[in-house]
Amino acid sequence: MAEILEFHIKGGDFNLAGKASSKIKKKLIQLGVETSTIKRIVVATYEAELNVVAHAREGKLTAIFEPDSIRIIIADSGPGIEDIDLAMEAGFSTATKKVREMGFGAGMGLPNIRKNTDELEIESKVGVGTRLEMIIYY
Amino acid sequence: MKVSELIKLTEGRIAAGNPEEQINIERAFSSDLMSDVLTLDDHHIVLITGLANVQLIRTVEMADVPVVLLCRNKPATPEMVNLANEIGIVLVETHFSIFRASGVLYQNGLKPLY
């Protein structure tokens with residue numbers, strides 16, 4: 001049976017951003033997944049985690065470890081994305097000044113998630129929230 | 001290039017990790033933009049930066065960057081040091097600017113990523 005890890009992500013709390021991705025990385029190392037695959041997984045997860053922290057009120061991250069892949073679902077309550085195609089374009093960003101000062105918000109997050117995942121689905125409703133589901137094969 | 005040589009060349013001091021760490025650094029990347037660091041494909045690099053916050057350490061953890069050089073006397077906070085030690089990242093502080101540190105390390109054999 002697939003093992004599942006779940007995490008709560010608090011919007012706005014940059015000190016905690018990355019905790020979930022870090023725990024997933026440790027688990028993948030334990031499982032003996034190849035280093036370059038681990039990097040793809042944790043970079044995509046971290047980008048998604050940062051998006052929740054930067055834009056949403058809160059979110060839930062679920063990591064499902066299958067024998068040949070990992071499925072990660074990140075669902076948040078937040079502003080949602082008005083135009084997903086536009087948000088997928090490199091350089092498009094709605095990040096605040098605070099987020100940019102931390103070294104993020106350059107409009108590279110979603111394109112980077114797409115680059116590092118084998119399958120990616122994004123659903124979003126303005127004023128409600130966003131749900132990302134991604135799969136990476138080992 | 002070994003960490004000990006990098007410290008010597010940049011007149012640096014170790015803030016976290018082991019200065020005798022036997023990582024062989026081949027390439028360097030200078031940036032304050034963590035989004036950009038998350039797009040790097042290479043390993044065994046040193047990140048030369050002026051950004052000193054906890055997310056810097058989280059970013060290099062995810063990007064598999066083993067060594068960070070903090071320029072212009074930006075002090076690593078206790079949270080950064082604790083996290084770097086926990087993850088096993090070497091953190092070096094220098095009074096050099098990013099430009100000077102990059103120049104000195106390039107001159108001494110470190111290659112650029114792009």
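Every number here is computed from the coordinates shown, using simple stated rules; none is lab data. Because the structure is a prediction, the values reported are computed rather than measured. Cβ atoms come from the backbone with ideal geometry, glycine included; neighbour counts cover every protein chain shown.
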How would A:Asp68, B:Asp42, B:Asp32 line up from fewest to most surrounding beta-carbon atoms within 10 angstrom? A:Asp68, B:Asp42, B:Asp32
Per chain B, sqrt(5λ) over the Cα gyration tensor eigenvalues, sorted largest first, in Å, gives 18, 16, 14
Unit charges at the beta carbon, dipole of the protein assembly as shown: most positive-side option, A:Leu120, B:Tyr114, A:Leu110: B:Tyr114
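If you take the Cα Rg of chain A and divide it by 2.2 N^0.38 Å, with N the number of residues, what do you get? Show your work: numbers first, answer last.
Working: Rg = 14.1 Å, N = 138, 2.2 N^0.38 = 14.3 Å.
For chain A, the normalised Cα radius of gyration is 0.99.
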Shielding of B:38-50 by other chains, given as the mean Cβ count within 10 Å, works out to 3
Given A:26-37, B:14-25, the highest-first ranking by average Cβ count within 10 Å works out to B:14-25, A:26-37
Rg over Rh [alpha-carbon atoms, Kirkwood Rh] for segment A:68-121: 0.99
Within 10 Å of each Cβ in peptide A:105-117, how many partner chain Cβ atoms are there on average? Round it to a whole number, please. 2
Paired Rg and Dmax values of the protein assembly as shown, which use every Cα atom, in angstrom: 18.2, 54
So what is the 222 nm mean residue ellipticity for chain A from helices alone, if each DSSP H run of at least 4 adds -39500 (n - 2.57) and you divide by all residues, rounding to the nearest 500 deg cm²/dmol? -11000 deg cm²/dmol
Between segment A:65-138 and segment B:42-114, what is the separation of their alpha carbon centroids in Å? 26 Å
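First measure r as the distance between the Cβ atoms of A:Ala2 and A:Glu82, then evaluate 1/(1 + (r/R0)^6) with R0 = 41 Å and state the FRET efficiency to the nearest 0.05.
Numbers: r = 34 Å, r/R0 = 0.83.
With R0 = 41 Å, the Cβ-Cβ based efficiency is 0.75.
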To the nearest 20 debye, what is the magnitude of the charge dipole of chain A about its Cα centre, counting +1 on the Cβ of each Lys and Arg and -1 on the Cβ of each Asp and Glu? 620 debye
With r defined as the distance between the Cβ atoms of A:Lys19 and A:Lys98 and R0 fixed at 22 Å, what FRET efficiency is calculated, to the nearest 0.05? 0.70
Work out the mean other chain Cβ neighbour count within 10 Å for the residues of B:53-65 and drop it here as an integer. 6
Mind ranking B:83-89, A:57-63, A:4-10 by how tightly packed they are, going by the mean number of other C-beta atoms within 10 angstrom, highest first? A:57-63, B:83-89, A:4-10
